[in-house]
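*Asks:* The structure is given below, and queries will be raised subsequently.
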Amino acid sequence: MDFGRISRRHLLQGSAALTLGTALGTRSAFAADTTIGFIYVGSRDDYGYNQAHAQGAAALKKMPGLKVVEEEKVPETDAVEKTMESMINLDGATLLFPTSFGYYNPHMIKMANKFPKLRFEHCGGLWTDKDPKNAGSYFGYIDEAQYISGIVAGYSTKSGKLGFVAAKPIPQVLRNINAFTLGARLANPKVTTQAIFTGDWSMPVKEAEATNSLIDQGVDVLTCHVDGPKTMVENAARRGAMVCGYHVNQAPLAPKAYLTGAEWNWEALYPKFVKMLAAGESIPNFYRGGLKEEIVKVSPYGEAVSAEARKHADDIKAQLTAGTYTIFKGPIMDNKGKTVIAAGTDRGQKDPELEKMDYLVEGVIGATS
Amino acid sequence: MTSGVGDPAEAVAISPAADPGFLQRHGGTIEYILIPGAALAAALGVFGIFVALFGKSPLDLYFYMYQGAFGTWFSWQNTLTRAAPLILTALCTALPAQLGMVIIGGEGALLIGALAATSAALLMQSAPPFVVQLAMACAGMAGGGLWIMLSGGLRQYRGVNETISSLLLVYIALAILNHLVEGAMRDPASLNKPSTREIGAANMIGSIPGTDVHWGLVFGVIAAVASYILIYHTVFGFAARVAGGNIRAARIVGLGVGKLILTICFLAGASAGLAGMVEVAAVQGRTNANLAAGYGFTGILVAFLARQNPLAIIPVAILLGGISASGGLLQRRLGLPDASVQVLQGIIFVAVLASDALYGRIGFLKGKA
């Protein structure tokens, strides 16, 4: 190990944190002039997953005394371990945000064990007691925002057919498709959602094909869960269909066709994290939240959204924000006719059963395998 | 831009060669060092201009490239870690090239090798770690070897172009991997990132003592040296080169061309398969889509830059490992996008290919004729 590359300030921070840490359990190194490293799996201007994080990083850049270093297109291999080490050794980073799901285990865990005085915050991972205390995972219940999108889509569709371009049939994606469909059926119980899985997170050609084939089948409102919604949004708008966005606000790509969208609110969360550290508090290792906790948000409504849709959507949004509304409330049937959530059972946002979702609800046309 | 004449590096390189006899004896070898070296220098020069057009200082560029790739012990380890898989995947292209075959499917062999190695480890969980590791290596090499042998066989017995078939086999390998990882071999606990079960910490092969660099580097160097000996210092290798020079002549003198093709293709695939095994046993600990990180494709670049010489693959892989290691620093310090590293790789590739035209044309090295 080349500790000669670590600056004196960094060492001082480290030892200060060690002293604090021994007194108060786990406390991260933090001082006013801190370097924070952000690592993205794709390009940071992808109008999608990575851009959402880059917007969060941009919010940190505006805070005084913080230096943000960023690296994009880092694969989920040992390359990300080396990127983290390089940010630590060459840039003096003390707080790291490796933002892609596949960075968590084994890569970020390995680095958190190797640098016990530094803080690692991961998006999407499931931190457990076995993982290092200086590591944490955060994520948002973005299905709440998808539910609102669904309501707006349900009012806006003329054909009653919605389309969902999805990456893989994994729990997070299924939960979004289901929430979107439940929202839409709240507005109009006859609505169906046709889901197409492209098989991977970034498949622009397949996403465009899926978009076109959905529109050919009469779908007139589309949304998606892929890393970069740009392909779907632009193609759908060109074909005259309406869209609900995902990850970030894609209204600039299709100002007329954009109804609303489910967005991450990292620009609110990251400054909150930094303020917590600066105040000497520790970030909970397992951090989750939805609309109420301001981890996700809904895009401003587009021109095409009717007053009725706005009113209904705003009403549900207010209830979700107040924490008094449950999306996955029994009875809920899957699209094969089986009851997946029994009558009388409420599965609230934090219910671990929802993290294992492997079904599509009634009204979704498609199969998980 | 690729003319080596008048390059300062050249003047340094030829200074010990004042004795014309020396030139006669070693002119060929000097050419092989001088011309690619000059091409590399020219490529760096062009890249410097490219960067200057974006308003960044080329001197900063060269400094950060040096610092990020070779400037510190950490940077060296970063470079070597990235070079390790490239040596093995480059052999997958360089070995068949001796027979005049262009195999570009190393990525597929790597994936199949990784799958085979993971399967071996999961099937023999109770065996001692050394036995498991050996079985993983054998399974990985056999899997990768058979995969490329398939391309060789199609060429020999069915007249299918091996370049096309090996490339298409990459996509088949990826589909098989995704199918198994998301189906039969899936660890039910891997909810949002479908993966196989872990091979177990005890079965991991770890790093070379005193470094962070995994054993793949040592395997790669051994494989490259063994390949060099095989090709240039054995009867088998001589036969392969004869067949590569003129396949008809080889048949007329009674060489078993079919057997040569299948054996060489097997060895080539086995190298890439071993790279896959190392990725599992030293880095990821299991198989999932992360393994398709493009090492197989970068390996093609390495093999061509090394002019298909197994020994030259080692320094070229380290060079490309260094370029990719320094890429992060270029992003962070100069604010260059990730694509700039690809631009540099592209310029180097074109410069080295174009410099092929110079062999045998540099006057003062012609003494040997």
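*Asks:* In the set B:A84, B:A109, B:A114, which member is touching a strand residue (DSSP E or B) at 6+ places or on another chain (Cβ under 8 Å) and closer than 16 Å to B:G216 by Cβ?
*Replies:* B:A84
*Asks:* All but one of (1) within 24 Å of B:G269 (Cβ to Cβ); (2) in a helix (DSSP H, G or I); (3) within 14 Å of chain A (Cβ to nearest Cβ) hold for B:Q345; state the number of the condition that does not hold.
*Replies:* All conditions pass for B:Q345, except number (1).
*Asks:* Given the criterion in contact with a strand residue (DSSP E or B) (Cβ under 7 Å, 6 or more places away or on another chain), within 13 Å of chain A (Cβ to nearest Cβ) and within 27 Å of B:V51 (Cα to Cα), identify the matching residue among B:G321, B:G335, B:G294, B:G328.
*Replies:* B:G328
*Asks:* Same structure again: Any idea how many residues of segment A:97-106 are in contact with a Ser or Thr (Cβ under 9 Å, 6 or more places away or on another chain) and modelled with pLDDT of 95 or more?
*Replies:* Here the count works out to 1.
*Asks:* Looking only at helices (runs of 4 or more DSSP H) that fall completely inside segment B:193-268, which ones have 2 or more residues that are without any contact (Cβ under 8 Å) to a residue 24 or more places away in the chain, surrounded by fewer than 18 Cβ atoms within 10 Å (Cβ to Cβ) and among the basic types (K, R)?
*Replies:* The qualifying helices (runs of 4 or more DSSP H) are B:247-252.
*Asks:* Filter segment B:66-102 down to residues that are under 17 Å from B:I323 (Cβ atoms), hydroxyl-bearing (S, T, Y) and crowded, with 24+ Cβ neighbours inside 10 Å, then give me how many there are.
*Replies:* The qualifying residues number 4.
*Asks:* Here's another thing I want to ask about it. Of these, A:Y138, A:Y104, which one is more than 26 Å from B:A282 (Cβ to Cβ) and not charged (D, E, K, R)?
*Replies:* Every option except A:Y138 fails the conditions.
*Asks:* Among the residues of segment B:36-72 satisfying the criterion of being free of Cβ contacts under 8 Å to residues at least 24 places away in the same chain and within 14 Å of another protein chain (Cβ to nearest Cβ), which is farthest from B:G346 (Cα to Cα)?
*Replies:* Going through the qualifying residues, I end up with B:T72.
*Asks:* Which numbered condition in (1) modelled with pLDDT of 95 or more; (2) more than 27 Å from A:E293 (Cα to Cα); (3) within 14 Å of chain B (Cβ to nearest Cβ) is the only one that A:N176 fails?
*Replies:* Just one mismatch for A:N176, condition (2).
*Asks:* State whether one or more residues within segment B:272-283 are farther than 23 Å from B:Y171 by Cα, more than 13 Å from chain A (Cβ to nearest Cβ) and either touching a Gly at 6+ places or on another chain (Cβ under 8 Å) or surrounded by 15 or more Cβ atoms within 10 Å (Cβ to Cβ) (or both).
*Replies:* no
*Asks:* Continuing with the same structure: Exactly one of these conditions fails for A:I196: (1) among the aliphatic types (A, V, I, L, M); (2) crowded, with 18+ Cβ neighbours inside 10 Å; (3) assigned to a helix (DSSP H, G or I). Give me its number.
*Replies:* Among (1) among the aliphatic types (A, V, I, L, M); (2) crowded, with 18+ Cβ neighbours inside 10 Å; (3) assigned to a helix (DSSP H, G or I), A:I196 violates only (3).
*Asks:* Right, something else. From A:K329, A:K297, grab the single residue that is surrounded by fewer than 19 Cβ atoms within 10 Å (Cβ to Cβ) and not acidic (D, E).
*Replies:* Result of the check over A:K329, A:K297: A:K329.
The values are calculated or read from the model by the stated rules, or taken from the named source; none is laboratory data. These numbers were taken from a predicted model, which means no experiment stands behind them. Cβ atoms come from the backbone with ideal geometry, glycine included; neighbour counts cover every protein chain shown.
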